[in-house]
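The structure under discussion appears below in the form of C-alpha cells.
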Amino acid sequence: MAAGELTDNGRARVLADGKQIPLLALGVWQVPDGPECENAVRWALEAGYRHIDTAQAYGNEASVGRALRDSGVAREDVFITTKFNPGSRDPEAEAQRSLERLGVDSLDLYIVHWPQGGPTWAWDGMQRARERGYARSIGISNFSASEVDDLLKVAEVAPVVNQVQFSPFEFRRGLLAACEARGLALEAYSPLGTGRHLRDPQVAEIAERLGRTPAQVLIRWALQRGLIVLPKSTHRERIEQNAQVFDFELTSADMDALDGLDGTGGTDRALERLWW
Ligand code: A2P
C-alpha cells in the first residue's frame, strides 16, 4: 500500500517508510507515573486503542509498559511511541533507556520531542537508534515547516511524522500542507485544547445536533483532516467515549465551520511560543 493510504478498516494509515500507524492514540502527557497512568493505558487497550503515545519527559514510560504487559494484548498489536528529550544529549543511549523502562524490545516510533538546540543535531542519533533496531520509525515533534526543511536537507533517513498541537482552533494549514508535501504524517496533540475547546459554543452546537460529545466532534474533525490524533484522558468513560469516533461523519459544512475557528491564521509554524 502507498504512503498516506488508509488500511482496510480505515483505522490506520501507511507511513512513508511503509509502516502502519493507528490513527487514534491515547496520549499520556501530564499523567503521573503509577496507578493513574497504568489504569488509563489499561482502559484504553480494553476500549480498543492500539496506539499509546508517551515520552521520556513525561516520566511515565514504566507505567505504560506495565499496563501493556498486564493487558494481555500482544506486544505486536500495539503501536508504542516515545520521544527523545532534547535536554539530554544522546538519542541512541536514551532510546535504550526507554526500552528498559517500557520493557519492550523495540519502539514503533521514536520522535525528537522539540527542536531545542536547532532542528538537526539530534538526527544522527535518531538514525542510529533506528539502525540498531531500537525504533522501527523515527520522527519529530514541534517542528515548524522551515525546521522540517532544514532537517530534510541533512537527513539520510527522513522523519515520517511531525507531532504538533493541532485542533480547529490551531488549524495550522500551512504546516499540514508542508508536512504532507514532504511525506510526513501529521499527529495532533492536545486535540481538545487540553480541555479548553470542549466548552466552545460552536463545537457544542454541532455535538448536540449530532447526538455526540464535543470531544468526539473535535477528534472526528482531526480524523477527517487526515491526522493521527492523540486525545488524553485518565477517566475510563471518557477514554471509551473518545474512541467512538469511527461510526459517524461530519458534513463538509460542519468541517468548514470548525475550520473557521482557527486562530493561527493557517500558520506553518508549530508553536506560538517556545518553551525552551
Ligand atoms: P481528564 O484527563 O481528567 O479526563 P487534550 O487531549 O487536548 O490534551 O485534552 C485533555 C483534557 O481534556 C484533559 O483535561 C481531559 O481530562 C479532558 N478530556 C478528555 N476527554 C474528555 C471527554 N471526552 N470529555 C470531557 N473532557 C475530556
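The values are calculated or read from the model by the stated rules, or taken from the named source; none is laboratory data. Fair warning: this is a prediction, and the values are worked out from it, not measured in the lab. Cβ placement follows ideal geometry from the backbone for every residue including glycine, while neighbour counts extend to all protein chains displayed. Accessible surface is based on the protein model in full, side chains and every heavy atom, while ligands, DNA and RNA are left aside. Shrake-Rupley method; radii C 1.70, N 1.55, O 1.52, S 1.80 Å.
Where does the chain land at 222 nm, in deg cm²/dmol rounded to the nearest 500, when only DSSP H runs of n ≥ 4 count, each adding -39500 (n - 2.57), divided by all residues?
Working: 10 runs with 100 residues, N = 276.
Helices in the chain give a 222 nm mean residue ellipticity of -10500 deg cm²/dmol.
Averaged over its residues, the chain has an accessible area of 42 Å² per residue, based on protein heavy atoms and a 1.4 Å probe. Computed from the C-beta positions of ASP247 and ARG173, the FRET efficiency with R₀ = 25 Å rounds to 0.35. Working from label points 7 Å from Cα in the Cα-to-Cβ sense, the ASP70 to TRP121 distance is 3.9 nm.
Which trypsin sites (Lys or Arg not before Pro) in the stretch 8-113 pass both tests, a DSSP loop state and at most 13 other beta-carbon atoms within 10 Å?
ARG89
Comparing Cα centroids, the stretch 225-266 and the stretch 28-101 end up 23 angstrom apart.
Express the carbon and sulfur contribution to the solvent-accessible surface of the stretch 21-259 as a percent, rounded to the nearest whole number, probe 1.4 angstrom. It is 45 percent, rounded to a whole number. Straightening the chain between GLN202 and ASP149 buys 15.5 nm, computed as 0.36 nm per residue apart minus the Cα-Cα spacing. Taking amide H atoms as placed 1.01 Å from N in the peptide plane, the amide H of TYR189 lies under 5 Å from those of VAL164, GLN165, PHE166, each 5 or more residues away in sequence or on another chain. Length available on full extension from GLU180 to ARG273: 0.36 nm per residue minus the Cα-Cα distance, which gives 31.1 nm. Taken about its Cα centre, the chain carries a charge dipole of about 280 debye when Lys and Arg each add +1 at the Cβ and Asp and Glu each add -1 at the Cβ.
Using the crude model of +1 on Lys and Arg Cβ and -1 on Asp and Glu Cβ, and no other charge, please compute the dipole size for the stretch 31-169 relative to its Cα centre, in debye to 20. Write down the numbers at each step before the final one.
Details: 14 positive and 21 negative charges, 17 e Å.
With Lys and Arg at +1 and Asp and Glu at -1, about 80 debye.
Loop-resident GluC sites (Glu not before Pro) (DSSP state other than H, G, I, E or B) in the stretch 108-173 with no more than 16 further Cβ atoms inside 10 Å of their Cβ: GLU156.
For ARG13, the amide hydrogen comes within under 5 Å of the amide hydrogens of THR7, ILE21, LEU23, counting only partners 5 or more places away or on other chains and with H modelled in the peptide plane.
For the residues ALA129, ALA93, ALA222, a GNM of the chain with alpha-carbon springs under 10 Å puts the largest fluctuation on ALA93.
If you take every DSSP beta bridge whose two residues both sit in the chain, what share of them, in percent to the nearest 5, is antiparallel? Don't skip to the answer; put the middle values down first.
Values: 5 of 30 bridges.
Roughly 15 percent of the beta bridges in the chain run antiparallel, per DSSP.
Near PHE79, the amide H atoms lying under 5 Å from its own belong to HIS51, ILE52; only residues 5 or more places off or on other chains count, and H is placed 1.01 Å from N.
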